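Accompanying notes for the structure given below.
Every number in this text was worked out from the coordinates using simple rules, so none of it is lab data. A quick note: this is a predicted structure, and the numbers were derived from the prediction, not measured. Virtual Cβ from ideal backbone geometry, glycine too; neighbours counted across all protein chains shown.
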Amino acid sequence: MNRVLKEILSTSVYVLVVLLLTYLVITFVGQRTRVNGSSMEPMLSNEDNLIVDKLTYRFHDPERFDIIVFPFKYEEKTFYIKRIIGLPGESVRIDENGNIYINGEILEESYGKEVILDPGRAFQTIQLGPNEYFVLGDNRNDSSDSRFEAVGNIRRSDIVGRAWMRIYPFSKFGILKHR
């Protein structure tokens, strides 16, 4: 009987340690998320499954063109995946031709799937605060992003992490290139 009790105790401790380690990894290191929609095409597609790196931004700040994950403020358990365009302290404006200006200079980038048709609130210059980021989806005309009030500027504290790896579909498995 003593041997059975030891075996039960040993198994219980093992399961508890595995659960604790799983919790720590999900909370502090990474988590799985699924792309819902086409706002990041062609880089990410609807139903892609990703691993989000939650550790990197503990050691350095997000950078321009990083693909980040953050919660949508009007719907619980809904996360958005977008690309950082504007950094803290910068000004962002999008003109009627779809050109993006950072601090008055045209941003050289090739992530947009097409020319921006609706600059939204960025038609007027947006000044980012010390901990704010301006994000856009790569599929610019089919994306709810910082151009619109529903998303607005993203606070540093709201960033869950950086999209790191696509794990599904298996045919596209691999590390995501941000630049």
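Look at Ser146, Ser45, Ser110 and count the other Cβ atoms within 10 Å of each Cβ; fewest to most, that gives Ser110, Ser45, Ser146.
Computed over every Cα-Cα pair of the stretch 2-175 and binned at 10 Å starting from 0, the pair-distance distribution P(r) comes out as 10, 34, 30, 13, 6, 4, 2, 0 percent.
Of the trypsin sites (Lys or Arg not before Pro) found in the stretch 75-137, those that fall in a DSSP loop while having at most 15 other beta-carbon atoms within 10 Å are Lys77.
With each run of n ≥ 4 DSSP H residues scored as -39500 (n - 2.57), what mean residue ellipticity at 222 nm is computed for the chain after dividing by its residue count and rounding to the nearest 500 deg cm²/dmol? Working shown, then result.
Details: 1 runs with 23 residues, N = 179.
Counting only the DSSP helices, I get -4500 deg cm²/dmol.
Between helix 2-24 and the chain there is an angle of about 10 degrees, using the helix long axis and the longest principal axis of the Cα atoms.
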